[in-house]
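Here's the structure we're looking at; comments come further down.
Read-outs: derived from the displayed coordinates by stated rules, not from any lab. This structure is a prediction, so every number in the text was calculated from the model and none was measured. Here the Cβ positions follow ideal geometry from the backbone for every residue, glycine too, while neighbour counts run over all protein chains shown.
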Amino acid sequence: MSKNKKLKDLEKRQAQSRQQKAELQPKVVDPSKSKGNYLVQVVADGKVIKEVMALNSTVNIINLANQSVAADIK
């Protein structure tokens, strides 16, 4: 095999490796701007006390007061 062929093969494998790594990384989504399907869970003392499913919506979590929050679902 020529040096050029080996170099091209190496570059191709590196590009495939980078692409596979990019596919495996989770996507960062801002639920207040991106419409989607979300599960909103209220957790207290390590236990889920309330669950709300928001389909094709945006979700904005708002801090109201000390230890109080609200979820604005549109």
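Could you check, for the stretch 40-54, whether at least one of its residues is over 19 Å from residue 72 (Cβ atoms) and among the polar types (S, T, N, Q)? Scanning the stretch 40-54 turns up no residue that is over 19 Å from residue 72 (Cβ atoms) and among the polar types (S, T, N, Q).
If only residues of the stretch 42-74 that are polar (S, T, N, Q) and either without any contact (Cβ under 8 Å) to a residue 24 or more places away in the chain or touching a Leu at 6+ places or on another chain (Cβ under 8 Å) (or both) are counted, the one that is farthest from residue 28 (Cα to Cα) is 66.
Give the residues of the stretch 28-74 that are among the basic types (Lys, Arg) and out of contact with any strand residue (DSSP E or B) (no Cβ under 7 Å at 6 or more places or on another chain), sorted by residue number. Correct list: 33, 47. Anything in the stretch 5-41 that is out of contact with any Pro (no Cβ under 8 Å at 6 or more places or on another chain) and touching a residue at least 12 places away in the same chain (Cβ under 8 Å)? List them, or say none. Listed by number, the residues that qualify are 31, 32, 33, 34, 35, 36, 37, 39, 40.
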